[in-house]
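Have a look at the structure below before the remarks.
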Amino acid sequence: MQGIGAAALLALTAGVASAAPLQVVEITEIISAGDPTPSGAGFFSADDIAVDDQGRVATQVDSGAPGGVDQVIRFDGGTQTVVAEDGQALPGLSIVPTGFDDHFEIRNGLVAFNARFASSDNDAILIGDGTATRVVAQAGVTPLPFGPGTATSYSLSDAEGFGFDGTRTAFVANRINDTFGNAGVYVEDGSGNIARILDSTEAPLSPLTGTAYTSFNDAMADANGPGIVFVADVDNGTFGGGERALMLFDGSTLSVIDVVSNNNELLEPDIDGGMIAYQTRVGGIDRLNLFDGFVLTTLLSAGDMLFGEEVTFIGASGVAIADGVVAFLAETATSGLGIFLWHDGAFTEVVRNGGQFDGQTVNGLSFQNRPYLADGFLAFEMEGASTGTTIYRVAFAEGAEVPLPPAGLALLAALGGLALLRRRR
């Protein structure tokens with residue numbers, strides 16, 4: 001019988017080596033408290049933050065002090081571009097916003113955002129680059145399919161109610177025709193054509209057992225696939241019993257991916273390449289979940305160990321997914337809140353309260369600013385001991401596989417030497 005050489009043993013072992021954590025390769029400070037903004041005032045705070053796969057960052061900036069100028073700004077390297085400003089006509093349009101809701105998307109330098117106008121019922125989803133602005137849908141103006149007809153009276157004020165994939169915009173309309181319980185999910189194709197995916201005039205899909213859809217939330221379009229994911233409440237869902245469902249439209253078929261009931265929660269999904277990341281809270285236990293197109297898996301639960309500490313909370317402000325990487329906020333019993341990445345079974349810690357980041361102590365990470373993600377980039381807001389409120393962007397990359405310890409390599413080499421000696425004999 002011939003022995004197995006050391007090279008063959010190493011090759012077999014490499015096939016079962018564990019995946020390496022992602023590595024943060026660059027930290028970039030985008031803007032910090034007191035830094036100037038295009039309005040001429042100092043940066044005060046930001047709302048939700050988005051990043052694209054070229055590393056451009058978009059957010060709403062409150063400048064000066066509370067009550068100061070609100071601007072939607074795109075950061076591209078050292079350049080700040082005003083995409084929209086309250087009290088000023090939108091570039092290329094005559095309409096003037098009075099404020100902005102707390103959700104932004106950026107793809108290929110185009111920023112999607114929700115603007116408010118003089119009437120609280122006259123919101124719009126807009127896409128702009130600082131030189132031109134396009135209306136996706138405007139309440140009171142843009143007709144939407146609803147049941148057998150159309151409606152122009154509806155609300156777009158849900159701050160997490162749309163998702164932009166670079167061309168299509170998936171969005172939610174509620175309180176259609178001024179009636180609570182009337183709602184719909186729609187997709188705009190980038191050329192002004194709006195199609196209905198689902199609305200409350202239709203009967204709930206199996207395995208849902210309720211009698212009617214009562215609201216929709218958190219519509220997101222896949223930038224690397226045809227899918228659109230959203231959350232549906234049936235008979236009031238988490239707001240009063242009933243059911244809350246995670247639903248997927250794949251371009252032709254609508255399906256139910258997951259359901260929670262009896263006042264449990266299912267929160268803010270994200271989709272990329274057909275993979276859906278989302279959070280549930282069932283029986284008071286937080287879970288971070290991944291649907292890969294075929295199988296539903298729980299990646300992390302409260303009570304699990306993460307870097308040697310027990311997880312007590314997974315951030316309710318949602319998760320993000322891009323190129324197979326999941327970003328999320330979690331809290332542990334000892335070290336508090338942190339931002340983490342998951343990829344191919346391995347976790348990476350990016351930043352944590354009380355830890356050191358960019359040479360300073362971290363005093364806070366916002367629950368309201370979920371960590372937006374793109375291929376190779378993550379952007380978030382942090383309270384630093386020396387800089388105060390700061391928006392950061394980190395670039396990350398895959399590391400090498402986890403190597404065997406020196407003792408293991410020595411053992412394999414010895415076994416290989418014995419095998420060669422047996423062959424000579």
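By average Cβ neighbour count within 10 Å, what is the ranking of 290-301, 348-359, 222-233 from highest down?
Top of the packing list down: 222-233, 348-359, 290-301.
Using alpha-carbon pairs under 8 Å, 6+ residues apart, how would you state the relative contact order of segment 85-179 in percent?
Relative CO of segment 85-179 lands at 22 percent.
Which whole-number percent is the relative contact order of the chain (Cα, under 8 Å, 6+ apart)?
15 percent
Under 10 °C and 1.306 mPa s, how fast does segment 175-222 diffuse according to Stokes-Einstein, given a Kirkwood radius computed over C-alpha pairs? Answer in µm²/s, whole number.
This corresponds to a translational diffusion coefficient of 131 µm²/s.
I need the semi-axes of the equivalent ellipsoid of segment 187-317: take the C-alpha gyration tensor, multiply each eigenvalue by 5, square-root it, list largest first in whole angstrom.
Semi-axes from the Cα gyration tensor: 26, 19, 11 Å.
Within the set of other residues whose C-beta is less than 15 Å from the C-beta of Ala195, count the net charge using Lys and Arg as +1 and Asp and Glu as -1.
Every neighbour counted, the sum reads -4.
Label segment 146-188 by shape, choosing from rounded, prolate and oblate, from the square roots a ≥ b ≥ c of the eigenvalues of the Cα gyration tensor; if a/c is under 1.5 it is rounded, and otherwise prolate applies when a/b is larger than b/c, oblate when it is not.
Oblate shape, in that a/c is at least 1.5 and b/c is the bigger or equal ratio.
For Glu202 and Ile257, calculate 0.36 nm times their separation in residues minus their Cα-Cα distance, and state this gained length in nm to one decimal.
So the extension gain works out to 18.0 nm.
With only Lys, Arg, Asp and Glu charged, each at its Cβ (+1 for the first two, -1 for the last two), find how big the charge dipole of the chain is about the Cα centre; round to the nearest 20 debye.
Rounded to the nearest 20 debye, it is 1520 debye.
Net charge within 14 Å of Asn262 by Cβ-Cβ distance, Lys/Arg positive one each and Asp/Glu negative one each, not counting Asn262 itself?
-2
What percentages, rounded to whole numbers, describe P(r) for the chain computed over all alpha carbon pairs with 10 Å bin width beginning at zero?
So the P(r) values, bin by bin, are 4, 20, 28, 24, 13, 5, 3, 2, 0, 0.
Provide the per residue accessible area, probe 1.4 Å, for segment 173-319, rounded to a whole number of square angstrom.
I get 39 Å² per residue for this part.
Specify whether the C-alpha gyration tensor of segment 260-347 places it in the rounded, prolate or oblate class, a ≥ b ≥ c being the square roots of the eigenvalues: rounded for a/c under 1.5, otherwise prolate if a/b is larger than b/c and oblate if not.
oblate
Which order do peptides 278-285, 127-134, 110-117 fall in by mean Cβ count within 10 Å, highest first?
Ranked from most to least packed, the peptides come out as 110-117, 127-134, 278-285.
So what's segment 109-242 giving for Cα Rg divided by 2.2 N^0.38 Å, two decimals?
So segment 109-242 has a normalised radius of gyration of 1.03.
For segment 322-378, what is the Kirkwood hydrodynamic radius in Å, using each pair of distinct C-alpha atoms?
So the Kirkwood estimate lands at 12.1 Å.
Relative to the longest principal Cα axis of the chain, at what angle does helix 406-424 sit, 0 to 90 degrees, rounded to 10?
In the chain, helix 406-424 runs at an angle near 50 degrees to the longest axis.
Based on the alpha-carbon gyration tensor of segment 35-95 and its eigenvalue square roots a ≥ b ≥ c, which shape applies: rounded if a/c is under 1.5, prolate if not and a/b is larger than b/c, or oblate?
Oblate is the answer for segment 35-95, as a/c is 1.5 or above yet b/c matches or exceeds a/b.
Just need the relative contact order of segment 248-324 here, percent rounded to a whole number, with Cα pairs under 8 Å and 6+ apart.
Value for segment 248-324: 27 percent.
In segment 62-102, carbon and sulfur make up what percent of the accessible area (probe 1.4 Å)?
47 percent
For the chain, what is the calculated [θ] at 222 nm in deg cm²/dmol (nearest 500), taking -39500 (n - 2.57) for each run of four or more DSSP H residues and dividing by its residue count?
The helix contribution divided over the chain gives -2000 deg cm²/dmol.
How much net charge surrounds Thr28 when only other residues with a Cβ under 11 Å from its Cβ are counted (Lys, Arg +1; Asp, Glu -1)?
Result for the neighbourhood of Thr28: -2.
With point charges of +1 on the Cβ of Lys and Arg and -1 on the Cβ of Asp and Glu, referenced to the Cα centre of the chain, which listed residue (Leu288, Ala397, Ala124) lies farthest in the positive direction of the dipole?
Farthest towards the positive end: Ala397.
Where the accessible area of segment 120-270 is counted over protein heavy atoms with a 1.4 Å probe, how much of it, in %, is carbon and sulfur?
Carbon with sulfur: 48 percent of the solvent-accessible area.
The values are calculated or read from the model by the stated rules, or taken from the named source; none is laboratory data. All of these numbers come straight from a predicted model, not from anything done at the bench. Note that each Cβ is placed from the backbone with ideal geometry, even for glycine, and that neighbours are counted across all protein chains shown. These area figures cover heavy atoms from the full protein model, side chains too; ligands, DNA and RNA do not enter into them. Shrake-Rupley method; radii C 1.70, N 1.55, O 1.52, S 1.80 Å.
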